[in-house]
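One structure is given here, and the rest of the page talks about it.
Quick note: the coordinates plus some simple rules give every number you see, no bench work behind them. Everything numeric here is computed off the predicted structure, so don't read it as measured data. We place every Cβ from the backbone using ideal geometry, glycine too, and count neighbours over all the protein chains shown.
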Amino acid sequence: MSHLWPWLSSTMVRLGGPRVAAYLSYLSIDWGRMDKDRTVLCLSRESFVKDVAELRKRSSFNYPMVMGGFTRFQMVWTPASMQIQTFYQRHVADNPRALRQSVAYARHLVRLVSRKRPVNAILSANFDYWQDNGFKQVAKELAIPFLVLSREHPIIPKVCTEVIRWYRESEYRFEGSAIAVAGRSTRDVTMAVGTICRPDQITITGLPRYDAWQDVDTSLPINDRPLITLLTFTEGYYADSTFKEVLQLFCEAAVVHGGAGVEFVIKTKDVGDTVAVHKMMAKMNLHSAARCDHELNLFDVLPKSRLVINYNSLSLVEAVMARANSVSPAWGECMDCGDLVMYPSDRENVSRVLGFARTPGELLAAIAASVQGETPPIPVEFVRAFIDEYIHVPTDGSYCAEFERFLVAYSGPAR
């Protein structure tokens, strides 16, 4: 029956319109604990779910999350030209019926939620999703804020340039109340566009998901940790060929150091990534003792890792949060400077924390030194300075508290 549900529910929406769509989306809501007085209705997105999970534990608001339907159902009445992120605004005036349908859908959904708890704000994971357009209009009708906790955080210079070009080309204008972002680079990129929002509408809060590290024990001495970990960078990192070299070296090292009492782990992103890595290993005829798994939890793996290998990913920030030593390959397609690099080695806050392997031999040497317990821990003051380069570090140590101050500023205090 589950495989028929997408077709069946979409048929119901075609026949019943926005009201039926709202009811079906209402049934998908993950309510969480609803024991607070004030409520923020969240529109689910991947990774954003992690932020909401921490906010539920540490904030004084309710955070029910709409898990399904607000994309698929709205596609029933929204023309293809309006189903393009950012650029949908260009086509709204030519499709008034589609906007009316989306507003009706959002209005019905908010009313259904309000029967359980009054909705004090609506929260999305980005400011330019076409699926949110109706919710923004309903927020205005109800005089409640439409807020954003942006899951996007461009850092790599070339990516920042492309993001600015994209938004300038679209002439996009944010129609909500305010935007919370992870760090300085997202704020700077947004402001550089010039049309998205006013400077007073954007606030750096960091990402609440990082508060999860407060519950993780990272005190295990570096040379007592049992893991050497490779975090995959298989796609979208401008380094596909060099990753294969790194994978081969890592697997060979796992064999060489097989009796040293240290486990070699390849942490993949998802099922597809695991399959892709296994195919690479088979094609290169690699027989390794390394464990390859996407279901491993970073909060478990990183605090047990004495060395983490990765390139151009914010996961390295989390590795440093876990007090793991880290090394980044810096040969072939992997670089340590330039506009495609997230962690330039000529930046002091980076070079004091990350190691750079400029040849395959240097990577093998870094692995061997770590296995033999020859790598010292990173000084705490260097850790904080490095993290603050990439992710805002709250003054009181809590990302959730920082975000709640933002939330209170626009929706009023929790009671």
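Just a few scattered comments:
- Listed peptides 89-98, 173-182 appear in the order 173-182, 89-98 once ranked by packing, highest mean of other Cβ atoms within 10 Å at the front.
- Residue-by-residue Karplus 3J(HN,Hα) for the range 243-252, coefficients 6.51, -1.76, 1.60, Hz, glycine and proline x: 4, 4, 4, 4, 4, 4, 4, 5, 5, 5
- Rough spin-label spacing in nm, given labels placed 7 Å along Cα→Cβ, for Asp188 and Arg117: 3.8 nm
- Theoretical gain in end-to-end length, Leu220 to Ala282 [0.36 nm per residue, Cα-Cα removed]: 18.8 nm
- Taking amide H as placed 1.01 Å from N in the peptide plane, the amide H of Ser326 sits under 5 Å from that of Val308, Gly355, each at least 5 places away or on another chain.
- Note, ³J(HN,Hα) from phi for the range 161-175, Karplus 6.51, -1.76, 1.60, rounded to Hz, x at Gly and Pro: 4, 5, 5, 4, 4, 4, 6, 5, 5, 7, 6, 5, 10, 6, 9
- Per principal axis, descending, Cα span of the range 169-231 in whole Å: 53, 23, 15
- Unsatisfied cross-links (Cα-Cα over 28 Å) in the set Lys158/Lys244; Lys36/Lys267; Lys50/Lys136: Lys36/Lys267
- Rounded to the nearest 20 debye, dipole of the range 215-390 from Cβ charges on Lys, Arg, Asp, Glu: 380 debye
- Under 5 Å, built H, 5+ apart or other chain: amide partners of Ile266: Leu230, Arg291, Cys292, Asp293
- Its DSSP H runs of at least 4 residues, each contributing -39,500 (n - 2.57), put the calculated 222 nm mean residue ellipticity of the chain at -12500 deg cm²/dmol, to the nearest 500.
- Between the residues Asn95, Ser345, Tyr167, the greatest Cα displacement towards the positive end of the dipole of the chain, with unit charges on the Cβ of Lys, Arg, Asp and Glu, is found for Asn95.
- Using alpha carbons only: equivalent-ellipsoid semi-axes of the range 286-415, gyration tensor based, whole Å: 32, 18, 15
- For a modelled paramagnetic label at Glu362, 7 Å from Cα along Cα-to-Cβ, the residues of the range 370-392 in reach, with backbone nitrogen under 17 Å, are 370.
- The packing ranking, built from the mean of other Cβ atoms within 10 Å per residue, places the peptides 394-400, 315-321, 28-34 in the order 315-321, 394-400, 28-34, highest first.
- Each label point was placed 7 Å from the Cα along the Cα-to-Cβ direction; for Ser60 and Tyr23 their separation is 3.8 nm.
- In order through the range 152-160: 3J(HN,Hα) via Karplus (6.51 cos²θ - 1.76 cosθ + 1.60), integer Hz, x for Gly, Pro: 7, 8, x, 10, 4, x, 5, 5, 4
- Were the residues from Ala385 through Asp35 laid out at 0.36 nm apart, the gain over their Cα-Cα distance would be 122.2 nm.
- D by Stokes-Einstein for the range 215-390, Kirkwood Rh over Cα pairs, 20 °C, 1.002 mPa s: 133 µm²/s.
- The simple Förster model, with R0 at 56 Å and r as the Cβ-Cβ distance, assigns Arg165 and Ala369 a FRET efficiency of 0.85.
- Computed about the Cα centre, the dipole magnitude for the chain is approximately 1940 debye when only Lys and Arg (+1) and Asp and Glu (-1) carry charge, each at its Cβ.
- DSSP-defined beta bridges in the range 17-161 - what % are antiparallel, rounded to 5: 10 percent
- For the range 66-180, the spread of Cα positions along each principal axis, largest first, Å: 47, 30, 24
- Convex hull volume per residue for the chain, taking Cα atoms only, in Å³: 159 Å³
- Residues considered: Phe127, Phe382, Phe250. Largest GNM mean-square fluctuation over the chain, using C-alpha springs under 10 Å, is found at Phe382.
- Remark: relative contact order (the chain) = 15 percent; criterion is Cα-Cα distance under 8 angstrom and separation of 6 or more residues.
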